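Take a look at the structure below.
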Amino acid sequence: MSAAPKVIVTRRLPASVEAALRERFDVELSRRDEPTNAEGLQRVLGQADGLLSTVTDRLTAEVLAAYPIRTRIIANFGVGYENIDLPAAQAHEIVVTNTPDVLTDCTADLAMTLILMTMRRAGEGERELRSGRWLGWRPTHLMGARVAGKVLGLVGMGRIARALARRAHHGFGMRVLCFDPSPPSPVELAAVGAEPRATLAALLAESDVVSLHCPSTPATRGMMNAARLAQMKPGAFLINTARGDVVVDDAVIAALKSGHLAGAGLDVFRGEPNIDRRYLGLENAVLLPHLGSATRETREAMGFRAIENLAAFFDGRTVPDRVV
């Protein structure tokens, strides 16, 4: 009987997922639950047949240049995989997988949460109440923006954006616009009540609230810069549950301070967890610590999806979520 494949996990995972890993593999689980540095990742690549990584693990070309590499598959815990240099992985004949589909609904829920919190100034209200500064109900107190009937613009129209469109249009009576260089079919758009726009500029000009749902790529990094924000309606809102580097922090902060943006709801940040601390002083910014997929059900499903990818690879079966 052959030995079980050696799998190393870089972060703590839900208990049920760790138990399943123990049953299936010769597994080394994380106990420190901290990001693994480049040296640590190179050690892992030399010791593990499979690596179960997370989006906090920077598997760069330099890290993957470690020799010798024993690892034959990297199962990334997350739908994104920009933390992995895919050409370098291919060059070393390492299979890379992700965990799509299972986090769609929860991330869409979180985006809708940010829309509601930001437009209705819920973060400001809770801080006021908790600090003992609330003086009671009054007609002009913390007046936000009505959500029903507003125009929501979606930048990117993948699974999460479509799930948000369904919630916003059918649940909250919002008109939904979208921009995506490779949009879904007209039938798919009609099902979620979304209207396509040919350019990003057109979408920004019409939208009361803009929600970002695009991956981090050379084309999208820094996309929401000062020029793009200037194309948005005065008093509009910006929501980001995609990736932190899609926005330019200087530009967003300036727009929030000037009032050109009435508010921003942010779940992701450049350089997490070391965010731009100027955001902390802005009452019109709702800030969450990357909670998009943070439900028990979703994080367990992500873990089991990663396990299935690892098991399929080592069993010689077709790997369901292969990226490269």
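Tabulated values for the structure
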{"quantity": "Which listed residue, of ALA264, ALA301, is among the small types (Gly, Ala, Ser), surrounded by 14 or more Cβ atoms within 10 Å (Cβ to Cβ) and closer than 19 Å to GLY78 by Cβ", "calculated": "ALA301"}
{"quantity": "Total residues in region 200-219, condition surrounded by fewer than 18 Cβ atoms within 10 Å (Cβ to Cβ) and in a loop (DSSP other than H, G, I, E, B)", "calculated": "4"}
{"quantity": "Residue, surrounded by the fewest Cβ atoms within 10 Å (Cβ to Cβ), within region 149-176, restricted to residues that are under 12 Å from LEU212 (Cβ atoms) and either hydroxyl-bearing (Ser, Thr, Tyr) or in contact with a Ser or Thr (Cβ under 6 Å, 6 or more places away or on another chain) (or both)", "calculated": "ILE160"}
{"quantity": "Matching residues in region 267-278 - criterion: being surrounded by 17 or more Cβ atoms within 10 Å (Cβ to Cβ) and either over 27 Å from PRO234 (Cα atoms) or aromatic (Phe, Trp, Tyr) (or both)", "calculated": "PHE269"}
{"quantity": "Region 33-49, residues that are surrounded by 15 or more Cβ atoms within 10 Å (Cβ to Cβ), in contact (Cβ under 8 Å) with a residue 40 or more places away in the chain and not small (Gly, Ala, Ser)", "calculated": "ASP49"}
{"quantity": "First in region 172-194 and under 21 Å from ILE115 (Cβ atoms), second anywhere and surrounded by fewer than 12 Cβ atoms within 10 Å (Cβ to Cβ), Cβ under 6 Å, 6 or more apart", "calculated": "PHE172/ALA148; GLY173/ALA148; GLY173/GLY149"}
{"quantity": "Hits in region 129-148 - residues which are more than 22 Å from GLY259 (Cα to Cα) and either in contact with a Cys (Cβ under 8 Å, 6 or more places away or on another chain) or among the polar types (S, T, N, Q) (or both)", "calculated": "SER131"}
{"quantity": "ARG277 vs. criteria among the charged types (D, E, K, R), within 22 Å of GLU82 (Cβ to Cβ) and in the same structural domain as HIS213 (by TED's automatic domain parsing)", "calculated": "no"}
{"quantity": "Residue among LEU154, LEU203, LEU212 that is of a type in the set (A, V, I, L, M, F, W, C) and touching a Lys or Arg at 6+ places or on another chain (Cβ under 6 Å)", "calculated": "LEU203"}
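The values are calculated or read from the model by the stated rules, or taken from the named source; none is laboratory data. Everything numeric in this text was worked out from a predicted model, so none of it was measured. Please note: Cβ atoms are built from the backbone with ideal geometry, for glycine as well, and neighbour counts cover all protein chains shown.
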